[in-house]
Every structure is written in structure tokens, then in C-alpha cells.
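Q: Quick one: the structure is below, questions incoming.
The values are calculated or read from the model by the stated rules, or taken from the named source; none is laboratory data. All figures in this text were calculated on a predicted structure; none of them were measured in a lab. Here Cβ is always computed from backbone atoms with ideal geometry, including for glycine, and neighbour counts include all displayed protein chains. Heads up: the accessible areas ignore ligands, DNA and RNA and are worked out on the full protein's heavy atoms, side chains in. Shrake-Rupley method; radii C 1.70, N 1.55, O 1.52, S 1.80 Å.
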Amino acid sequence: MIRHTELGVRPFERSRQLKMSLYAKRITLAGNLKLKIYGRLNCPSGKRMKVENRVFFESEAEAIANGFRPCGHCMRARYTEWKASAK
């Protein structure tokens, strides 16, 4: 798990590090640290998130291992599976 704030102090630094990590395939999913939800990088819900709450994952297994659940918007099928197994 990589915190967005760990990518750099200034917004430009964070943006540059994020792009390099995306190209290197070190980041495939994003999550909300407070809500413990992960989803796709292009999810509209994730774009409204504060920088201090945003985290990144290399894989879905990493997100689940850190106690995150799938997003109900961009990962509807995974969310439905998660919800059914949580009962």
C-alpha cells in the first residue's frame, strides 16, 4: 500500500511519481484509507477524494489483505460478491 502523500511533498512531485508508478505497473488500484474502500483508478468516486485519504495498491489481493472492500460503483460484481460473503 502506497499513500498518496508519500509520493512527494508538492503536487507536481506526487503527480510525477504517480505517473512513473503507473507506467511501471506498481499501481493498479486506488483506495480510501478512512472508508477502507478500493476501486479502479478511473472511478468518479475516487477522483473526489482528499489526497491524505488516498492510497494505491499493486493488486486486488494487496487491497483485501489490508482490510479494504470493493467499490460499489466501479466494481459492482466484486462488491456484490463481497456483500454476499459478509453476511
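Q: Just to be sure I understand, how many residues within the range 38-79 are out of contact with any Phe, Trp or Tyr (no Cβ under 6 Å at 6 or more places or on another chain) and either of a type in the set (S, T, N, Q) or farther than 16 Å from Leu7 by Cβ (or both)?
A: Number satisfying all stated conditions: 25.
Q: Restricted to the range 19-44, and to residues that are open to solvent by 40 Å² or more (accessible area, probe 1.4 Å) and not in a loop (DSSP other than H, G, I, E, B), which residue is farthest from Thr80 (Cα to Cα)?
A: Met20
Listed here are the residues, each with its yes/no results for (1) touching a residue at least 24 places away in the same chain (Cβ under 8 Å); (2) hydrophobic (A, V, I, L, M, F, W, C).
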{"position": "Arg26", "(1), (2)": "yes, no"}
{"position": "Tyr38", "(1), (2)": "yes, no"}
{"position": "Leu41", "(1), (2)": "no, yes"}
{"position": "Arg48", "(1), (2)": "no, no"}
{"position": "Val51", "(1), (2)": "yes, yes"}
{"position": "Glu62", "(1), (2)": "yes, no"}
{"position": "Gly67", "(1), (2)": "yes, no"}
{"position": "Pro70", "(1), (2)": "yes, no"}
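Q: Which of (1) touching a Leu at 6+ places or on another chain (Cβ under 9 Å); (2) of a type outside the set (A, V, I, L, M); (3) free of Cβ contacts under 8 Å to residues at least 60 places away in the same chain does Arg78 not meet, given it meets every other one?
A: The one condition Arg78 does not meet is (1).
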